[in-house]
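One structure is given below, encoded as structure tokens.
The values are calculated or read from the model by the stated rules, or taken from the named source; none is laboratory data. Quick caveat: nothing in here was measured; it's all calculated off a predicted structure. Methodologically, a virtual Cβ is constructed for each residue, glycine included, from the backbone with ideal geometry; neighbour enumeration extends over all protein chains shown. Heads up: the accessible areas ignore ligands, DNA and RNA and are worked out on the full protein's heavy atoms, side chains in. Shrake-Rupley method; radii C 1.70, N 1.55, O 1.52, S 1.80 Å.
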Amino acid sequence: RGTVSLILDQFEEFFVRCPSRERDVFVQAVADLARRDPPRCHVILSLREDFLAEMSEFGATILSNRLRAQALSREQARQAIEGPARLFHLAIEEELVEELLDQLFEDGVDPPELQIVLDRLSTGELTLEHYRRLGGVRQILVGYLQETLAARMGPESRKARGVLKAMV
């Protein structure tokens, strides 16, 4: 009669890939788990901050604790880049690591930005040349934003893109 911990990493994919009807069923199931007395299941969701507003579907009853990942120091960001590469025996150029740190560091490295850039880089070799072909940090992040808007808003993404451009 112990407690189970259900850990769902990269939970933002839930909002990107699941239709509304499937999300509703899942949200109801998680809410039912949370309401059991005594609680026998802890649900831990990990997601990027840019998807936090989507969590309103879950309501306040199951969102009892929140923890925000803070900006990474330069050394922490280096470890976040090099550690997984080592673990999976991937070659990553030192010049690329330095360029990423130089471009992403501004009072720390924002974990979601680092994740987006590294995810895009993983589509090819982890080299400075590949990074430059992708257009660098700015172009990678802009491309991600455009793809996300198109996927989430469909035809309305043009209007949203215009609003965002006016804000910058």
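In the range 6-20, of all residues being touching a residue at least 12 places away in the same chain (Cβ under 8 Å) and open to solvent by less than 70 Å² (accessible area, probe 1.4 Å), the one that is farthest from Asn65 (Cα to Cα) corresponds to Val16.
Condition (residue is basic (Lys, Arg) and surrounded by 10 or more Cβ atoms within 10 Å (Cβ to Cβ)) applied to the range 55-69: is it met by at least one residue? There is no residue in the range 55-69 that is basic (Lys, Arg) and surrounded by 10 or more Cβ atoms within 10 Å (Cβ to Cβ).
When the range 116-138 is filtered for residues that are open to solvent by 40 Å² or more (accessible area, probe 1.4 Å) and not basic (Lys, Arg), the ones remaining, listed by number, are Leu118, Asp119, Ser122, Thr123, Glu125, Glu129, Leu134, Gly135. Checked against (1) open to solvent by less than 50 Å² (accessible area, probe 1.4 Å); (2) of a type outside the set (Lys, Arg); (3) under 16 Å from Gln70 (Cα atoms), Phe105 passes all but a single condition, namely (1).
For the range 15-61, the set of residues classified as of a type in the set (A, V, I, L, M, F, W, C), farther than 14 Å from Val4 by Cα and in a helix (DSSP H, G or I) consists of Phe15, Val16, Val25, Phe26, Val27, Ala29, Ala31, Phe51, Leu52, Ala53, Met55, Phe58, listed by residue number.
What are the pairs, 6+ residues apart or on separate chains, where a residue within the range 69-80 that is under 16 Å from Leu47 (Cα atoms) has its Cβ under 7 Å from a residue that is open to solvent by less than 80 Å² (accessible area, probe 1.4 Å)? From residues that are under 16 Å from Leu47 (Cα atoms), the pairs are Ala69/Pro111; Ala71/Gly108; Ala71/Val109; Ala71/Asp110. Test Glu113 against the stated conditions and say whether it is more than 23 Å from Ala69 (Cβ to Cβ) and either exposed (fewer than 12 other Cβ atoms within 10 Å of the Cβ) or among the acidic types (Asp, Glu) (or both). Here the answer is no, as Glu113 does not meet what is asked.
The set of residues in the range 139-150 being open to solvent by 50 Å² or more (accessible area, probe 1.4 Å) and in contact (Cβ under 8 Å) with a residue 12 or more places away in the chain consists of Leu145, Gln146. Of the residues Arg23, Arg48, the single one that is in contact (Cβ under 8 Å) with a residue 60 or more places away in the chain and open to solvent by less than 70 Å² (accessible area, probe 1.4 Å) is Arg48. Scanning the range 81-91 for residues being in contact with a Leu (Cβ under 9 Å, 6 or more places away or on another chain) and at pLDDT 95 or above gives a total of 1.
Only one of the numbered conditions (1) part of a helix (DSSP H, G or I); (2) in contact with an Asp or Glu (Cβ under 8 Å, 6 or more places away or on another chain) is not met by Arg68, and that is (1).
Out of the residues in the range 86-102 meeting the condition of being surrounded by fewer than 17 Cβ atoms within 10 Å (Cβ to Cβ) and touching a strand residue (DSSP E or B) at 6+ places or on another chain (Cβ under 9 Å), tell me which one is farthest from Gly135 (Cα to Cα). Here the residue is Arg86.
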